[in-house]
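Here the structure is laid out as structure tokens; the discussion comes afterwards.
Read the figures in this text as sums done on the coordinates, not as results from a lab. Just so we're clear, the structure is a prediction, and the values are computed from it rather than from any experiment. Note that each Cβ is placed from the backbone with ideal geometry, even for glycine, and that neighbours are counted across all protein chains shown.
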Amino acid sequence: MTKNAAQATGIGRRGFLKASAGLAFAFTLVEAGDAAAQGTPSRLNAYIAIGTDGTIRIAAPAPEMGQATNTALPLIIAEELDADWAKVVVETAPVAAAYDHPIFRAQFVVGSLTTRGYWMAIRTAGAQARRVLIDAAAQRWNVPASELSTEPSAVVHKASNRRLSYGEIASFAQVPAQLPEIQPDMLKKPADFRLIGRDVRRWDVPAKATGKAVYAIDVQVPGMLYATLARSPVMGSTPQGHNGAELLRRPGIVAIVPLAQGVAVVGDKIETVLAARADLKVDWSPAPGSNFDSERGREMYLAHVRDPSGQKVVVGRRTGDANAALQGAARVVSGEFTTDYVYHAQMEPLTCVASVTADGVEVWTGTQWASRARDDAAKAAGVAPEKVKVNMMQMGGGFGRRAQIEYVVEAVEVSKAVGKPVKLMSTREDDVANAHCRPMTAHKIDIGLDAGGKIAGWRHRIAADLVVTQVYGQPRLDAQNGVDHIVMAHADVPLYDVASHLAEHVYEAPGVRSAAWRGIGAGPNAFAIEAMIDELAALAGEDPVAYRMKLLKDRRARTAVEVAADMAGWPKAPRNDVGYGIALSRLGVPQLGEAIAVTIVEAALDRARGNIAVRNVWCAADVGLPVQPRNIRQQVEGSLVWGLSAALSERITFKNGAVQQQNLSDYEVLRVSRLPKIEINIIRSGEIPLPVGELGLGTIAPAISNAVRALTGKRLAGLPFTPERVRATLA
């Protein structure tokens, strides 16, 4: 194995235990309600290994894609362990049920739920290890454990002024067969935290800054071949013929491998493979989406939200009887909105190295769903899952795209076909052509007002492609009674005083590949909702901030609005073609808690050209308990920039079912020169961390639309706000 592959391998369970050369802890934790459901003890959640030299090795259980979970999760364990952070070494956990996310029951990173999901399990793991160390010291000193306390990486008996380091204890302690039971009230109180709530250096940054971080695209293994794949331009299309025989005559081309969804070119050098790929010609079969045109599709979606007769409509959210409230309303206010398809544009195109041998399968890749990558690789190779080893690489961007793992299956299939290790790489052009998009959407919101102007009923109808079926499969959608939770995320308005609410999903089936995309439904849905809140404020003749404060019934949301308004110096009247807008969004699920963000933007409008320049962004983010404040700011800032890029320029269009864009030259991602000044205020409101990775995204587009509405009286209702659309709106 070459140096790069050795670095990329990560750490296996046995290797982790051997590396400790001291005391290793294996934790069996039962989540509330799990034991009865499973009928057996729950799975292993975390490992802690303490060396006799005092080194503490902590396995980070979740895939890392830039969100710093490989720092945050070990930090939480170290907090309850009362470890000296300077002595901690973070290791990437292997792919094993021991490290499954307690909510997803898989090694899966999605929805900004990693820290929130692992929170109690890993705190308990750290506390159990600390208790074992205390008990071992108590036995050695022959004193009651109740007389002992801990300092960073040491057990202390204050009465006798004795002290044992964790390394010293590791030299003699034994892990009991039955680990001590830890109740929630036995965990540290937030006031006693030494690490949580304070900034520490991220483990992944030094390697990234020095170029030492290993991604799948960097991996080299002995005897490895290179491959790239021409995937079908239309979902469901299959290769019917190709000119592979001609390409096989070229020096260095080893094989042409037809797959169900494409044709792979395999060779001894990546340059040779890419040159052959450029000349590969494939005849594709027709597919259901072969005639889809997204420009016509947008108008069709709008027609469906106006009148869904004949379409399948599923109720996604309901409170009270909104239809009856609308029928009896003194006045109905309506608005229509659209959003285009968008591409993930992750920096590292999809890449996987796979080696299929008689002994099993080994893969090296970055994925958000490590356990599914293992299981699907096993199916592709025809082996048991335990015969598959997945080496978790850093991800060069995920954003939901790497929650789908077809590129891992493809690499395994190609390796199996050629009998050698293969690095399967996508070019940027192929990555764009195979875009798994956030769906195009159309929205119609109808709001019924009573005689006093109070909201009596709110109906939000959304036309959108299905995503759940493509990410999880049809059985998952059936189990959810047809509710696509990705599309319908945050389509309700629980923070506002709305008597009755209805959110409906009009199914669309254009035959386009779809995927979860950062912020999932919160981007399109919050755009429509917050634009309508501003319309109601204008109708009432009230300031947008004052109107929200009157309408909001949630205390945390009201506080966030106040903080954001204070940051921006609100009220701010439009002047010299500069306008100001505000918007609110949520992130999370009610059962686990939702973070809240309120954003105010300062936007300059060039009316003649139709250009919008966002100059300043002020964001107040209520995140519950901030585990690492600096990283939270970075995550919120990243989501704001991501949302800004999608609001101003990003769009994918389809003709004859195929993506029209080719590269980042015509799929326009926001350039650094257009970035605004961003100020973020983190609000601590509780003792549990809430989701943050996608938090700001839902606020930025409606805030811009509201700023232009305040400035011009015209509503930007279609994302992205391209110059052409802006000029058409202002005309």
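With no solvent and one point per C-alpha, what does the Debye sum give as log10 I(q)/I(0) for segment 469-568 at q = 0.20, 0.24 Å⁻¹? Calculated log10 I(q)/I(0) at the listed q: -1.07, -1.36. Sorted ascending by nearby beta carbons within 10 Å, beginning with the fewest, SER371, SER639, SER146, SER285 become SER146, SER285, SER371, SER639.
Counting other Cβ atoms within 10 Å as a rough exposure proxy, the listed residues ASP543, ASP606, ASP100 run ASP606, ASP543, ASP100 from fewest neighbours to most. Look at the dipole of segment 509-570 built from charges on Cβ: of ALA538, ILE520, ALA557, the Cα furthest out on the positive end belongs to ILE520.
Looking at the chain, send over the antiparallel percent of its DSSP beta bridges, to the nearest 5. If we restrict to bridges inside the chain, about 75 percent are antiparallel.
Spatial offset of segment 480-509 relative to segment 598-675 amounts to 24 Å, using the alpha carbon center of each. The ranking of SER415, SER232, SER290 from fewest to most other beta carbons within 10 Å of each one's beta carbon is SER290, SER232, SER415. Cross-link pairs exceeding 21 Å between alpha carbons, from the set LYS379/LYS416; LYS550/LYS572; LYS444/LYS714; LYS379/LYS423; LYS454/LYS550; LYS208/LYS677: LYS208/LYS677.
With the simple model of a label 7 Å out from the Cα in the direction of the Cβ, LEU592 to ALA207 spans 2.5 nm.
Under 29 Å between alpha carbons, and skipping anything fewer than 8 positions from LYS158 in its own chain: which lysines qualify? Reachable lysines: LYS87, LYS188, LYS189.
Full extension of the chain segment joining ASN481 with ASN243 gains 81.1 nm, where the gain is 0.36 nm per residue of separation less the Cα-Cα distance. Put a dot 7 Å past the Cα of ARG162, heading toward its Cβ, do the same for LEU187, and the two dots end up 3.2 nm apart. Couplings 3J(HN,Hα) of segment 301-315, computed from phi: 4, 4, 4, 6, 6, 6, 8, x, 3, x, 9, 7, 10, 10, 6 Hz, in residue order, whole Hz [Karplus 6.51 cos²θ - 1.76 cosθ + 1.60, θ = phi - 60°; x for Gly and Pro].
By the helix-only formula, in which each DSSP H run with n ≥ 4 contributes -39500 (n - 2.57) and the sum is divided by residues, the chain has a 222 nm mean residue ellipticity of -9500 deg cm²/dmol. Using a cutoff of 8 angstrom between alpha carbon atoms and counting only pairs six or more residues apart, the relative contact order for the chain works out to 14 percent. The aspartates and glutamates whose alpha-carbon is closer than 13 Å to the alpha-carbon of LYS655, local same-chain residues fewer than 8 away aside, are ASP293, GLU295. Highest average first, the peptides 193-202, 47-56 ordered by how many other beta carbon atoms sit within 10 Å of their residues are 47-56, 193-202. Packing around the peptides 214-221, 185-192, 479-486, taken as the average count of other Cβ atoms within 10 Å per residue, puts them in this order, highest first: 214-221, 479-486, 185-192. For the pair ASP199 and ASN611, label points projected 7 Å from Cα toward Cβ lie 3.3 nm apart. Sort segment 77-166 into rounded, prolate or oblate with this rule: let a ≥ b ≥ c be the square roots of the eigenvalues of the Cα gyration tensor; rounded if a/c is under 1.5, and if a/c is not under 1.5, prolate when a/b is larger than b/c, oblate otherwise. Judged from the Cα gyration tensor, segment 77-166 comes out prolate (a/c at least 1.5, a/b above b/c). For a test of the definition: using alpha carbon positions, the gyration tensor, and the 1.5 limit on a/c, classify segment 163-309 as rounded, prolate or oblate. Taking the square roots of the gyration eigenvalues as a ≥ b ≥ c, segment 163-309 is oblate. Net charge dipole, the chain: roughly 780 debye, given to the nearest 20, about the Cα centre with Cβ charges of +1 for Lys and Arg and -1 for Asp and Glu.
Report note on the peptides 660-672, 373-385, 452-464, 122-134: ranked by the mean count of other C-beta atoms within 10 Å, highest first, their order is 122-134, 452-464, 373-385, 660-672.
The mean of 1/r over all pairs of different alpha-carbon atoms in segment 603-731, once inverted, gives a Kirkwood hydrodynamic radius of 16.1 Å.
Across the chain, the fraction of Cα-Cα pairs farther apart than 46 Å, rounded to a whole number, is 25%.
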